Amino acid sequence: MIELASSYIDHYKSFSNEREETKLPWLNNLRQDALLQLQKVGLPNSHLEDWKYTDLSILHNHEFSLPCHTEEPDLSNIELLNEDFYHIVFVNGKLHHIPDEINSSFTIKPLNQCYSSIKNLISPITQPSIRAINTLFMDQGVVIDIKEGTILEKPIHLVYLTTENQIMSHLRNVILSGKNSQCQIIENHIAQNNHAYFSTVITDIHSAENSLTALFKVTRESENSYHVSQNNVIQAANSQFDYHSFDLSGKLIRHDINSELNGAGANCNLYGLFALDGKQHVDTHSRVAHNHSHTYSNEIFKGIADGRSKGIFNGKVIVKQDAQQINAAQQSKNILLSNRAEIDTKPELEIYADDVKCSHGATVGNLNEDSLFYLQSRGVDLTAAKNMLIHGFAKEIVNTIDLEILRKNINAHVVEKLNLTGRRAS
Amino acid sequence: MLEIKDLHVKVGEKPILKGINIQVQPGEIHAIMGPNGSGKSTLGNIISGRGGYEITDGTIYFEGKDIHEDLPEQRARNGIFLAFQYPVEIPGVTNIYMLKAALNAKRRAQGLDEIDAMDFITLVKDKLKALKMDESLLYRDINSGFSGGEKKRNEILQMAILEPKLAILDETDSGLDIDALRTVSDGINALRSPKRAMILVTHYQRLLDYIKPDFVHVLSKGKIIKSGDHSLALELEKSGYEWINDETTQSS
């Protein structure tokens, strides 16, 4: 492994020489830990149970480098940028636009300008994950601080645009949802051209008591890209976290969502939809830890796989000892549109308390023949009937978005992606 | 309009229909009765073009054309409608969306423009009222969470909007209480016309009290063993299917 990950380590050496904040000893130590892990195990690979289906060691052979100079990007065609949102734009992994000072009720600051304030919120490197390489190159990202009692009237929209070939980017965001606050955050991952690149994005969310945080993630990366994300959510009592993820393009996508329900009344709702074709690969791992009594979680993940694509869902629910009166529901529903596509879905329950309600269900199947015939017998042709069923299947997840502008935008992309042409429908 | 000759149908290795002959003219109502497993539903499915069956012999002509190779959607656009015994629930697709798609598919096949949105709404609302259906059903997912009666009414609603030449109603009376049966029957009777033929597939004669057929055929073990007028249905109700079976065994 050491030799294989060496190109990343070389990059790190030049990266660290340029950085000024290497004077921060705690950050230096953290990066040393990350470096050690990367040297020891490399990028997460199939030797690890959690990475059984998604082996990132293939990236050891790629020569991705940190972008050095970026031309002025063309943002004119970026969707939703004209909406009245708070926009944050990253181009090729570098912060390009951030809203001006807004008001005192919440702040958005570049990560590398506020390390000291978030020092205690950056967790150490423990088990192998994408956190090692992300920490190694951690520099770009934002810290969003929603102060106590603030209800954001507009969503925060983060655009991650990639325009260059053969680059890697490693972003880190921290969201602080203060007591009684409410916010909606949109993460839009998009690309111009079909470049090959590797990006990791870690967004850590700290939900204080009675806060409400909704995160909408849309992944429309290039056909040759590798996108790995991680969301770690620490939830206090009565806080709510809603996660809505839509994976529409990208060569390889991996998401890890980890929610720690630490106080009574804390709840999280996780929804995801992937629509795959070609040789796409999407892997979502969720992990919900019910660490306290009276905590609730609900997960619905749906997948549609065509061509030779592969979709993976692994949903882990942990109920700690003495965490009673838990309600955890999980569903994974999948449709295969081709006999060469593959779905792997697995619920994992670790329950150490007795007064709990945990349900889970997983289905993988083809389009229902009876439904197809029903529509055909009304005069709808087979292709249109298939499209109706597929869109109907996807709609449940699209409809979890209560922000209308966004729902329409995402729905249009979902419909475009899922529309079977005559060729694919046969 | 519909002419079926010596139709033999298999599912896998199992023969289901063993030589069916039936002729249906415009304006006629035919009832196909028979015990469970006699092949009644298969007949409706075969006429509508459902897959999974193999026609081993015989022909099906609709308006003078052999339709056995036509896709279900082609048959539907040409005027064949099947009201399902068990209408399928389709989550995520609204009733109104399907109705409009179905009507427009038919109109396109006839060389007509798609229906104007306002005209469509007016049309649908009129039909809804006649069937005593709540407007909210239009915006619900197809048959999802509908009661048994709502599902059957929804079938008749679709029929009323698509205005088929030949409607096959498969056990439309099953699962209906007396009030729902009356509403559904009224809906069907309203669609009777000299140009439209109907085939009522039913186990019981109950429906035929409301919709009086011109012809009654008794199907048993894949064959039509007796045909007659409405009085045959009443006879069956009185004496049961055993009576027919006994009679035919004796006479053969």
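Can you tell me which residue in the range A:374-389 is nearest to the other protein chains (Cβ to nearest Cβ), limited to those that are open to solvent by less than 10 Å² (accessible area, probe 1.4 Å) and not in a loop (DSSP other than H, G, I, E, B)? Full working, then the answer.
So in the range A:374-389, the residues open to solvent by less than 10 Å² (accessible area, probe 1.4 Å) come out as A:374-375, A:377-380, A:385.
So of that shortlist, the ones also not in a loop (DSSP other than H, G, I, E, B) come out as A:374-375, A:385.
Values: A:374: 4, A:375: 7, A:385: 8 Å.
The selected residue is A:374.
Quick check on residue A:420: is it more than 14 Å from chain B (Cβ to nearest Cβ), within 29 Å of the chain's Cα centre (by Cα), modelled with pLDDT under 95 and crowded, with 16+ Cβ neighbours inside 10 Å? It would help to see each step written out before you state the result.
On the way: more than 14 Å from chain B (Cβ to nearest Cβ): yes; within 29 Å of the chain's Cα centre (by Cα): yes; modelled with pLDDT under 95: yes; crowded, with 16+ Cβ neighbours inside 10 Å: yes.
Yes: the conditions hold for residue A:420.
Within the range A:8-15, is even one residue in contact with a Ser or Thr (Cβ under 9 Å, 6 or more places away or on another chain) and not aliphatic (A, V, I, L, M)? Break it down into steps so the answer makes sense when it comes.
Initially, the range A:8-15 is screened for residues in contact with a Ser or Thr (Cβ under 9 Å, 6 or more places away or on another chain), giving A:11.
Next, only the ones that are not aliphatic (A, V, I, L, M) stay: A:11.
The answer is yes; a qualifying residue exists.
Is it true that some residue in the range A:254-266 is of a type in the set (Ser, Thr, Tyr) and touching a residue at least 60 places away in the same chain (Cβ under 8 Å)? Checked the range A:254-266: no residue is of a type in the set (Ser, Thr, Tyr) and touching a residue at least 60 places away in the same chain (Cβ under 8 Å). Residues in the range A:117-126 that are surrounded by fewer than 20 Cβ atoms within 10 Å (Cβ to Cβ) and in contact (Cβ under 8 Å) with a residue 24 or more places away in the chain were compared, and the one that is nearest to residue A:38 (Cα to Cα) is A:124. Residues that are under 25 Å from residue B:81 (Cβ atoms) and surrounded by fewer than 17 Cβ atoms within 10 Å (Cβ to Cβ) within the range B:204-229 comprise B:204, B:206, B:209, B:210, B:212, B:214, B:227, B:229, listed in sequence order. Restrict the check to the range A:239-254 and report whether at least one residue is more than 16 Å from the chain's Cα centre (by Cα) and open to solvent by 10 Å² or more (accessible area, probe 1.4 Å). Within the range A:239-254, one or more residues are more than 16 Å from the chain's Cα centre (by Cα) and open to solvent by 10 Å² or more (accessible area, probe 1.4 Å). The condition (being closer than 28 Å to residue A:348 by Cα, surrounded by 15 or more Cβ atoms within 10 Å (Cβ to Cβ) and in contact with a Gly (Cβ under 9 Å, 6 or more places away or on another chain)) is satisfied by just one residue among A:111, A:56: A:56. Among the conditions (1) open to solvent by 60 Å² or more (accessible area, probe 1.4 Å); (2) more than 7 Å from chain B (Cβ to nearest Cβ), the only one that residue A:396 does not satisfy is (2).
Per this entry, residue B:12 is not counted among residues that are open to solvent by less than 70 Å² (accessible area, probe 1.4 Å), farther than 29 Å from residue B:190 by Cα, out of contact with any strand residue (DSSP E or B) (no Cβ under 6 Å at 6 or more places or on another chain) and within 14 Å of chain A (Cβ to nearest Cβ). Is there a residue being within 30 Å of residue A:348 (Cα to Cα) and in contact (Cβ under 8 Å) with a residue 60 or more places away in the chain anywhere in the range A:84-103? Taking every residue of the range A:84-103 in turn, none turns out to be within 30 Å of residue A:348 (Cα to Cα) and in contact (Cβ under 8 Å) with a residue 60 or more places away in the chain.
Determine whether the range A:75-88 contains at least one residue that is surrounded by 14 or more Cβ atoms within 10 Å (Cβ to Cβ) and of a type in the set (Gly, Ala, Ser).
Restricting attention to the range A:75-88, the residues satisfying the condition of being surrounded by 14 or more Cβ atoms within 10 Å (Cβ to Cβ) are A:75, A:78-81, A:83, A:85-88.
Filter once more, so that each one left must be of a type in the set (Gly, Ala, Ser): none.
No, there is no match, as no residue in the range A:75-88 is surrounded by 14 or more Cβ atoms within 10 Å (Cβ to Cβ) and of a type in the set (Gly, Ala, Ser).
If you take the residues in the range B:137-176 that are in contact with a Gly (Cβ under 6 Å, 6 or more places away or on another chain) and assigned to a helix (DSSP H, G or I), which one is most open to solvent (accessible area, probe 1.4 Å)? Only one residue tops the list, namely B:148.
Please tell me if residue B:206 is in contact (Cβ under 8 Å) with a residue 60 or more places away in the chain, farther than 22 Å from residue B:134 by Cα and basic (Lys, Arg). Spelling it out, it is not the case that residue B:206 is in contact (Cβ under 8 Å) with a residue 60 or more places away in the chain, farther than 22 Å from residue B:134 by Cα and basic (Lys, Arg).
The values are calculated or read from the model by the stated rules, or taken from the named source; none is laboratory data. None of these values were measured; they are calculated from a predicted model. Ideal geometry is used to build each Cβ from the backbone, glycine not excepted, and the neighbour counts take in all protein chains shown. Ligands, DNA and RNA are stripped out before the accessible areas are found, and what is left, the full protein with its side chains, is counted by its heavy atoms. Shrake-Rupley method; radii C 1.70, N 1.55, O 1.52, S 1.80 Å.
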